[in-house]
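Enquirer: Starting off with a structure, shown below.
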Amino acid sequence: MKVPMFDLKITNKKFKKEIFTKFNNFLDQGYFFMGKSVLEFEKVTKNFLKSKYTLGVSSGSSAIYLALKSQGIKEGDEVITTPLTWIIPINAIAACGATPVFADVDNNFNIDPNSIIKKITKKTKAILPMHFAGKLCDMDLISKIAKKYNLKIIEDCAQSYYAKINGKNAGSFSHSAGYSMNPMKPFGGVGEAGLVTTNNYKTYLFLKKLRHAGTSSDPRKKITNNCVSVSLNHKIDEINAFILVLMHKNLKQKIDRCNQIANLYKRELNHKILHQVTNKNEIHGRYVYPIVCKKRNKLMNYLKSNNIETKIFNQPLCYDAPVYKKFKKEKLNNAERLMKNHLIIPCHENLSNSQVLYVIEKINKFYKFS
């Protein structure tokens, strides 16, 4: 039996027909950017996230970068973040001219508020928490820290679009937040796309300028060089926006299926396996399923020999990437430990029950005889 990490095939015939029909309309009209589909995408996401303002952009990378820029992050500033993440948020901080400062993580793979406090200096301007695998950080405590030290919060919600805690959505704790709609994400399209949210109207207007090369022009009426801020092109296209609106209709069903699989893993896997903890008042975003395990590399090779695909995420830690080693002030013990002992196992809506049980069987067999 073969068990892939991701399965991005679209098999629903009705859904595919709707996409093809709309695509033909786009070809006939010759209009591909910043039209009705983008507005509909922004409306759907705004209503779901309960955000005052949402802005579709070309990628999750653009979303994080623009979220930082919209909060005035600039050269000389320090932004506290996690080393256990995809390199993009660190690149976004550096692209703003600011310095990334790395805090340690907790046992859920998320930035540790106690470590954040230790990293605050006079140059600190913001905290950038990333919700690992869709599990929300301790945003209540992070919000208190930010308020006490007058810091901005920019949430990296690339993996946590569906996540909530105490009824509050991922992204609602920050001054601005960035999301990814990459095809691998639970709420993903068929190409790169992203979303920026904010509850501040002035920030929203500034983000609109940043999205379109720093200009105040309306591309549907007139293209001009009336540039008011240095920026590049971060526009989302109409076709992907339309597909994302369709994908959103099935999002709950996808997350529910991933939660079923996650519950099976938690209940049936060997007791030596450690899992992220989800509280009763919390909805997990379910991007992927990380575990912490002994003999990680041997387990990974064993599963590979049984046609089960697994991944190690975010290796090396961001502060060990060649370009960022100069910002590594110390080893962060928990981040180092999790990097050596974590494994991502398959958890997506296209897995059959037999595939899930096969994964459980093989992992349990490995620990029984090892």
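Enquirer: Limited to the stretch 20-58, what total is found for residues that are among the basic types (Lys, Arg), modelled with pLDDT of 95 or more and assigned to a helix (DSSP H, G or I)?
Expert: Qualifying residue count for the region: 2.
Enquirer: Residues to consider are Ser51, Ser61; find the one that is over 30 Å from Lys304 (Cα atoms) and touching a helix residue (DSSP H, G or I) at 6+ places or on another chain (Cβ under 7 Å).
Expert: Details: Ser51 fails: touching a helix residue (DSSP H, G or I) at 6+ places or on another chain (Cβ under 7 Å).
None of the other options fit; the residue is Ser61.
Enquirer: While we're looking at this one, here's another question. So Lys331 passes all but one of these: (1) under 30 Å from Pro100 (Cβ atoms); (2) surrounded by 14 or more Cβ atoms within 10 Å (Cβ to Cβ). Which condition number does it fail?
Expert: Condition not satisfied by Lys331: (2).
Enquirer: Of the numbered conditions (1) within 18 Å of Lys249 (Cβ to Cβ); (2) touching a Ser or Thr at 6+ places or on another chain (Cβ under 8 Å); (3) not acidic (Asp, Glu), Ala67 fails exactly one; give the number of that condition.
Expert: (1) is the only condition that Ala67 fails.
Enquirer: Where in the stretch 260-370 are the helices (runs of 4 or more DSSP H), entirely inside, with at least 1 residues that are touching a helix residue (DSSP H, G or I) at 6+ places or on another chain (Cβ under 6 Å) and of a type in the set (A, V, I, L, M)? Let's see the steps before the verdict.
Expert: Working: elements: 296-305, 333-341, 353-368.
Fully inside the stretch 260-370 and qualifying: 296-305, 353-368.
Enquirer: Same structure again: Determine the pairs where a residue that is within 16 Å of Leu246 (Cα to Cα), located within the stretch 32-58, has a partner that is hydroxyl-bearing (Ser, Thr, Tyr) with Cβ atoms under 6 Å apart, the partner being 6 or more residues away or on another chain.
Expert: Hits for this filter: Glu42/Thr54; Thr45/Thr54; Lys46/Thr54.
Enquirer: OK, next. Given the structure, is Asn341 surrounded by fewer than 20 Cβ atoms within 10 Å (Cβ to Cβ), polar (S, T, N, Q), under 15 Å from Lys294 (Cα atoms) and out of contact with any Gly (no Cβ under 7 Å at 6 or more places or on another chain)?
Expert: yes
Enquirer: Looking at the structure I just gave you, is Phe48 farther than 23 Å from Ile312 by Cα, more than 14 Å from the chain's Cα centre (by Cα), buried (at least 24 other Cβ atoms within 10 Å of the Cβ) and not acidic (Asp, Glu)?
Expert: Details: farther than 23 Å from Ile312 by Cα: yes; more than 14 Å from the chain's Cα centre (by Cα): yes; buried (at least 24 other Cβ atoms within 10 Å of the Cβ): no; not acidic (Asp, Glu): yes.
No; evaluated as a whole, the condition is false for this residue.
Enquirer: Of all residues in the stretch 146-193 being buried (at least 19 other Cβ atoms within 10 Å of the Cβ) and of a type in the set (Ser, Thr, Tyr), which is farthest from Ile93 (Cα to Cα)?
Expert: Tyr162
The values are calculated or read from the model by the stated rules, or taken from the named source; none is laboratory data. Only a predicted model underlies this, so the values are computations on that prediction, with no experimental measurement involved. Methodologically, a virtual Cβ is constructed for each residue, glycine included, from the backbone with ideal geometry; neighbour enumeration extends over all protein chains shown.
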